[in-house]
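Student: Before I ask anything, let me first share the structure, which is written out below as structure tokens.
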Amino acid sequence: IMKRDIKLKWFYPYPPEMIWECLTNPEILRQWSPMKDFKPEIGFECQTQQKPRPAQNWDGIMYHKILEIDPLKRLSYSFKGGPKPGVTTLDTVVTWMLEPKDGGTELRLEHTGFTGPKNMLTSFIMEMGWKKIVNKSLKKAFEAHFL
């Protein structure tokens, strides 16, 4: 089976508390993430809506469920989608990991579970998206809130 995972990392010269706040505070999250509705509680479920892509057999709705929370260290949630509600062709997990390092924080993102040729392609598109979101939107939200 073809399988691919996205693994990215960034370094911020700020304490984990500040970065964690950007990942879990709904007010800040809304500024950089499509998650408009979020509660940092295990089992919390929400949906995000983006432009449908019929050619990729996707209706534009992503389904999320918080799977793991280890404050200031790790946040994990499901990331699922498909051609219509109740049909999931993409079943992945996003995990954010924070590690204090060199007087700042290393932020790692793992988006895992892309299987099959179609989802392999999706993983490359999403990897570019994650880089753009974290490099631009998250950075902007962080600076607006903390600096």
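Student: How many of the residues in the stretch 99-121 are of a type in the set (S, T, N, Q) and closer than 12 Å to Met2 by Cβ?
Tutor: Total meeting the criteria: 2.
Student: Considering the stretch 54-66 alone, what residues qualify as being of a type outside the set (D, E, K, R) and either open to solvent by 80 Å² or more (accessible area, probe 1.4 Å) or farther than 30 Å from Met18 by Cα (or both)?
Tutor: Of everything in the stretch 54-66, those that are of a type outside the set (D, E, K, R) and either open to solvent by 80 Å² or more (accessible area, probe 1.4 Å) or farther than 30 Å from Met18 by Cα (or both) turn out to be Pro54, Ala55, Gln56, Asn57, Trp58, Gly60.
Student: For residues that are open to solvent by less than 50 Å² (accessible area, probe 1.4 Å), touching a residue at least 24 places away in the same chain (Cβ under 8 Å) and assigned to a helix (DSSP H, G or I), tally how many sit in the stretch 111-132. So that I can check it myself, show each step before the final result.
Tutor: To start, the set of residues in the stretch 111-132 that are open to solvent by less than 50 Å² (accessible area, probe 1.4 Å) comprises 111-114, 116, 119-120, 122-123, 126-127, 129-130.
Then keep just the ones that are touching a residue at least 24 places away in the same chain (Cβ under 8 Å); that gives 111-114, 116, 119-120, 122-123, 126-127, 130.
When the remaining residues are screened for being assigned to a helix (DSSP H, G or I), the result is 116, 119-120, 122-123, 126-127, 130.
So the count comes out to 8.
Student: Among the listed residues Pro71, Pro100, Pro85, identify the single one that is touching a Pro at 6+ places or on another chain (Cβ under 8 Å), open to solvent by 30 Å² or more (accessible area, probe 1.4 Å) and either among the polar types (S, T, N, Q) or touching a residue at least 24 places away in the same chain (Cβ under 8 Å) (or both).
Tutor: Among Pro71, Pro100, Pro85, only Pro100 is touching a Pro at 6+ places or on another chain (Cβ under 8 Å), open to solvent by 30 Å² or more (accessible area, probe 1.4 Å) and either among the polar types (S, T, N, Q) or touching a residue at least 24 places away in the same chain (Cβ under 8 Å) (or both).
Student: Please specify each residue of the stretch 25-48 satisfying the condition of being in contact with a Lys or Arg (Cβ under 9 Å, 6 or more places away or on another chain), within 25 Å of Ala144 (Cβ to Cβ) and surrounded by fewer than 13 Cβ atoms within 10 Å (Cβ to Cβ).
Tutor: Lys36
The values are calculated or read from the model by the stated rules, or taken from the named source; none is laboratory data. If you're wondering where the values come from, they're calculated on a predicted model, not measured in any experiment. Cβ atoms come from the backbone with ideal geometry, glycine included; neighbour counts cover every protein chain shown. When the accessible area is computed, the model is the full protein with side chains, heavy atoms only, and any ligands, DNA or RNA have been set aside. Shrake-Rupley method; radii C 1.70, N 1.55, O 1.52, S 1.80 Å.
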